[in-house]
Every structure is written in structure tokens, then in C-alpha cells.
Amino acid sequence: MASLSISMKVNGETVGPMDIPEYTSMLDFLQEYLNLTGTKLGCGIGVCRACEVIVEDDNGGLQTLRTCINNVGRFNGSNVTTVEGHAQRNADGKIESLSPVQEAFLRHFSFQCGWCTPGFVNAATVLIERLKKNPVAKDKIEATIDESLGKHICRCTGYVRYFHAVRDVIESTPGLVKEGD
Amino acid sequence: MAVIARCRSLLAGEPAAGKGKGWAMTILLFFLFPPSITAAQPLAEKGRYIAAAADCVACHTAENGRPFTGGRPFPTPFGTLYSTNITPDGETGIGDYSLEQFRATMRHGKGPHGNLYPAMPYTSYYLVRDDDIEALYRYFMQLPPVENRPPKNRLIFPANLRFGLSFWNWLYFDPEKTLAEPAGKSAEWQRGSYLVNALGHCGECHTPRNFAQAMRFDKRFAGNVLEGWDAVDIRPQSLRRQGWNRAQLRQLLTTGSSERGTLFGEMYRVMQHSLRHLSDDDINAMITFLLDDSEALPERPGNSESAAQNYPGGRGDFIAYCAGCHGRAGSGITQAFAPGMDNNAAIRAARPHNAIAVILRGLPAQRLDRERARAGMPSFHRQLDDARIAELVNFMRAAWSSGGAEVTAEEVARIRHSLEEEGYFSPAH
């Protein structure tokens, strides 16, 4: 099978160039080649969004992409963040502090089995970053969360606690909510 | 119950019991089974079928509205039209229509209140037979009347003047013409022709229109871009060239998907409301007409090796962006999830519009019932630029079809621009 020469940035570190069979899914690439097993295979057909990672687009904006239905070639040369890349780590790689989204998910008991959590963490983080640039009106918070996380599937806690946690982060972080309209 | 009570009181007030009973029974029977309705019942039942074949409900129902009560908006170059209430409500529906008026409306676009806009396909329905018109009339008249006044049309001058439509009709509409019935064709073909041309009014979408929005009969069924999709060329040669056979067409028209391609946009709703309710015989007749009795064309499959050489970027993007769902070498991963591209009609079509538009717009998930649902497709208008989409489409066409003219980035840009103008790109990716 033909190979591709792949190089990208994953969680701030340069990866590659390395030869990868061209039909390798991004999920397999993360798990089998980079040993980043935090990104989970859920449905495998692009529906549940457990496998979403963050990719920086050309304008520096962030978007989520599903890694089960996209092959590694789509991510070639891009800047990728997986669930392993959110926490602050010290020089030895030990976790010092979690990101605000991760903290909020823990505080609100948002997940039980945790399989869908990487997808929720990434999508919620992208939402928070977006709101830092474009704050949301107070009465649109609910709709905005739904727009970002509504397609993610969770089979344990019924979404409410994820929603509460994200709302908490949006309301407690200065500058994400604008007054009026 | 009120009728029975009334008959009882009549009975009680009548001294000559035996004779009175017979008289009262006649009244009772008259009230319970009025002669006009008993005679009309099978006709109304036939009318229900005709209404399905003519797909009345799709246009005469607003989103989430009650069937046949109208109010669905139709954006046209001249403004927005709203479909009418066709339940037999006297005030807001067609309750006052005589059969004659109903016929004139259906056939000639002449309603009791003035000319109809040709969004109502009287330009096809003029071919509907008398007995079918009457059956339709009986069917609609026995529906429950619903009071519902759809919004007023919002049209620009001079299109807002209904009398102007007489001129339009004079120019473009010739109701004297009859359905061609070529002598050499089978009875099944003739039935199919009637279903496709008259009741199904397929030509209304699948025939190109001129600047005044009149169908160009010199190009009947040659395809037309509507709502951002190509309502494809459905002439026999074109369908044959894409490799359609009877079984695949039957599956497509009755379920919305087949190994050769899938229905989307308005055509999916046509299947949902109309085609899947038709009898096997009628579907077969339509297929006989559509494929004509013409010979199957020899397969001219593409060449994936030379396609890969000619369009390496297109192949790379197919693997990176598409193959996760559409499978290695475009073989697809079940029809319900992601159909194969290696024998897909949109890839094989002479016009690449739908292949490009699907990539740009994506497709919504479809759910016919519990067992027949299909996954949607994401849109790629943010991720892939015009040149890459052109190369991707060129790769697919070269690899898996007999190939058409090469797609250029300018062509993709034109389609992207018009889709954007018409607001077909969803805000979220």
C-alpha cells in the first residue's frame, strides 16, 4: 500500500516526517503511532463525536474534526490538539493543573465512563476560545452550547451535567458574556 | 345520533306505524348513506391514489403544517408565492368549487378568483384525464374542511398582476396539445408517459426554463438547476449512460437509495409523499417510459490508475477527506452510511453540478422510518477551495466513470458563488 510522508504538530510537539500507510485513519495514527490513546473510537462512523480533536485553521481559529472518518492525510501539516494537550504539565511531563473545562467537568460530575469525554473537552474548549473573540449574549448561552455540543453523544449522564459545566465556565470566565442584545 | 333521534321522534308521531316505519327508514337510510356519497366513495378512493401520483401534498402543505392546507413558500425570481389551501373549506379552501371550476383550475390555471401562477403545474396537469380529475375532485371534497388562510404572495411588479398571466399563458401555454402516444410503444410505456408527463409533472423540475420561467419543450427532461441542485437529465440516453437499470431505478424511486445513487433535496420528498405509494405496475410503467425501450449502453468504466496519475492531488484529497466514509477505492461502506462513488450516477453524469454541490453543501441525514435511515454528509465549503474540489471531482470522474469534460476551478467557483448567494451554506460546518 502506498505511504504518505506525514508531519504535523500534536499538542505543541512536532511529529514526523514519518511514512504512514495512506488509508490510516487519524484515530489509528494517534493511537498506534503516537501512543496517544486518550482519543476514543466510539461509533466509527462519524456520529458520536467521541473521537473529535482540535485543529487550528489557516486563520488561527480552532475547529473540531472527527478522527474516525478522516484519514491522516487530512491533518498533514496542521496543528492538532488532543485531550492529552489541555492540562498544564511540568518539565517531567507531570500534570500540574487541568484546563478550566476539564476542572468544570470534574466539579460537575459530568461523566461516568468517560468514553465521550475527550470529544466534549475538545468541543467545549473550542467554544470557549471562540467566545473569547466573540462574546455571547446572556440569553443565547444555552443555544450556543447546544450548537457546539448538541451533536455529541453520551450514554451515561444524559448531557445535563456537561451543559451545566460548560455554562459555569462561560459565566465564570470574564469576557465571554456580553451584556444587552 | 341526532339523525336517529330525529327519525325516532318522527316514528313516534306517526299513527300508522307500519307505513310510517317504511317512510322513516327511507329517511334514516338517506341520512346514513346519502346516495351521492355512496356512489362517490370508490371514486374518492381512486382520487386519493391520483393525489399521491400527482404529489399534491408536497406543495400544498407548509412545514409541519396540516396536509393540504397550503402555506408552503415558493421563492421565484419574481418574489415569493404561497401554496393554497385545497381542503373543502368554503372561505379559505376550495369548498365552493364546482367540478367544472376545479377542472379549469387544474387544467388551465383558471381559478374562480383569477389566473393561477404557473407554480401550480397546470402546464403539466392539462394532460390529466377527465376521469382522474373527477376522482381528484371527489377526494378533495370529502376531506375535512380546514380553515387556513396562507400568507399573501409577495411578488414584484408586474408579476403581481394576475391578469398578466393571460399573456403568459397565450405565449407559453398551449392546452390544446395532447399527450403524444406514439404507435410503436407498449401500453405500459403509454401509462408511464401519462404518469411522468401528466400526473407526476416530472418535467416541471427536470425541464430547463426560459427567462419567463416557462418550460422549454425543445429540451424536455434535459435537467434544470433548482434550489441549488441539478434536477438531473432524465432522458433515456442520459440514464442509460449513467448505467441505470430497471431494478436500481425501482429501488431508487421507492426507497430513495440504490447502489447507483441516492435521492436528495426535493426529489427525496417526491419519493416520500408520492412515488413509494404508487403500485408496482405504475412504478414499472414509469421506468419503462424513462428508460424507453432503448438498448443498454456498453459499460465504459473509468481508469483509476490513469486518474491517479492525472490528478494526484484529487486522489490524495479523496483518501484524506472522503475515503474514511466512502471506502477504499470509492467502494462505499453500506448504502445507509456512505454509498460507493465507484458506480455513482452523480459522478457519471455529464453535468458535474451535483457532484460539486454535494461536496460544497453536504447532505442532511434522512430518515424514512426505523429501518430505512441514512447518515448525512458534512459540507466541505470551508475546507476545500475551488481548485481542490475541481481536482477531486476530476479524479472521481476519471477513475469511476466514462468521464465527461474536465471540471475547472472557475466552474466550481461559479457554483459556490450561486449557492452562497442563495443561502445554501449552513452557518455551522
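Readers should treat all values here as calculations from the given coordinates under stated rules, not as data from a laboratory. What you see is a predicted model; the values in this text were computed from it and never measured. FYI the Cβ positions are ideal-geometry reconstructions off the backbone, even for glycines, and counts take in every protein chain you see.
A cut-off of 5 Å between modelled amide H atoms, ignoring neighbours fewer than 5 places along the same chain, links A:LEU4 with A:ILE20, A:GLU22. Structure remark: mean-square fluctuation, Gaussian network model of chain B, C-alpha springs under 10 Å; the largest value among B:TRP400, B:TRP170, B:TRP244 belongs to B:TRP170. Dipole magnitude for segment B:351-429: about 420 debye, using +1 per Lys or Arg Cβ and -1 per Asp or Glu Cβ, origin at the Cα centre. Using the alpha carbons alone, the radius of gyration of segment B:165-248 stands to its Kirkwood radius in an Rg to Rh ratio of 1.00. The spacing between segment A:86-126 and segment B:379-429, judged by their C-alpha centroids, is 38 Å. Think of the protein assembly as shown as having a plus end and a minus end, set by charges on the Cβ of Lys, Arg, Asp and Glu; of A:ASN122, B:LEU392, A:THR82, A:ASN122 sits farthest toward the positive end of this dipole.
What translational D, rounded to a whole number of µm²/s, comes out for segment B:304-421 from Stokes-Einstein when the hydrodynamic radius is the Kirkwood one over Cα pairs, at 10 °C and 1.306 mPa s? Diffusion coefficient, whole number: 110 µm²/s. Under a model in which nothing but the beta-carbon of Lys, Arg (+1) and Asp, Glu (-1) is charged, segment A:20-68 shows a dipole of about 280 debye around its Cα centre. Lys/Arg Cβ at +1, Asp/Glu Cβ at -1, dipole of the protein assembly as shown taken about the Cα centre: which of B:GLY313, B:ILE234, A:ILE69 is farthest positive-ward? Highest projection toward the positive end goes to B:ILE234.
GNM on chain B, alpha-carbon springs under 10 angstrom: the most fluctuating residue among B:ARG154, B:ARG220, B:ARG269 is B:ARG154. Highest GNM mean-square fluctuation among A:LYS140, A:LYS40, A:LYS94, for chain A modelled with Cα contacts below 10 Å: A:LYS94.
A simple spin-label model places the labels of B:GLU100 and B:SER331 6.8 nm from each other, with each point 7 Å out along Cα-to-Cβ. According to the calculation over all Cα-Cα pairs in the protein assembly as shown, the P(r) per 10 Å bin from zero is 3, 13, 20, 20, 17, 13, 8, 3, 2, 1, 0, 0 %.
Overall, the anisotropy analysis places segment A:1-95 in the rounded class: the square-rooted eigenvalues a ≥ b ≥ c of its C-alpha gyration tensor yield a/c less than 1.5. Pop the C-beta distance of A:GLN88 and A:SER3 into the FRET formula with R0 = 45 Å and round what comes out to the nearest 0.05. Efficiency, from the Cβ-Cβ distance: 0.80.
Let a ≥ b ≥ c be the square roots of the eigenvalues of the Cα gyration tensor of chain B; is it rounded (a/c under 1.5), or, if not, prolate (a/b larger than b/c) or oblate? Note, shape of chain B comes out prolate. Here chain A is described by how far its Cα atoms reach on the three principal axes: 56, 34, 33 Å, from widest to narrowest.
Rounded to the nearest 500, what is the 222 nm mean residue ellipticity of the protein assembly as shown from helices alone, with -39500 (n - 2.57) per DSSP H run of 4+ residues and division by all residues? Can you show the working numbers first?
Working: 25 runs with 239 residues, N = 610.
The per-residue figure over the protein assembly as shown is -11500 deg cm²/dmol.
Using Cβ point charges alone (K and R +1, D and E -1), the dipole size of chain B about the Cα centre works out to roughly 760 debye. In order along segment B:257-273, the Karplus-derived 3J(HN,Hα) couplings, from 6.51 cos²θ - 1.76 cosθ + 1.60 at θ = phi - 60°, round to 9, 7, 5, 8, x, 10, 8, 8, x, 4, 5, 4, 5, 4, 5, 5, 8 Hz, and Gly and Pro are given as x. Cross-link check: pairs A:LYS9/A:LYS40; A:LYS40/A:LYS132; A:LYS9/A:LYS178; B:LYS110/B:LYS219; B:LYS110/B:LYS185 evaluated at a Cα-Cα cut-off of 31 Å; pairs beyond the cut-off: A:LYS9/A:LYS178; B:LYS110/B:LYS185. Shielding value for A:19-29 is 2, the average number of Cβ atoms from other chains within 10 Å of each residue's Cβ. Think of segment B:75-154 as having a plus end and a minus end, set by charges on the Cβ of Lys, Arg, Asp and Glu; of B:TYR122, B:THR105, B:GLY79, B:GLY79 sits farthest toward the positive end of this dipole.
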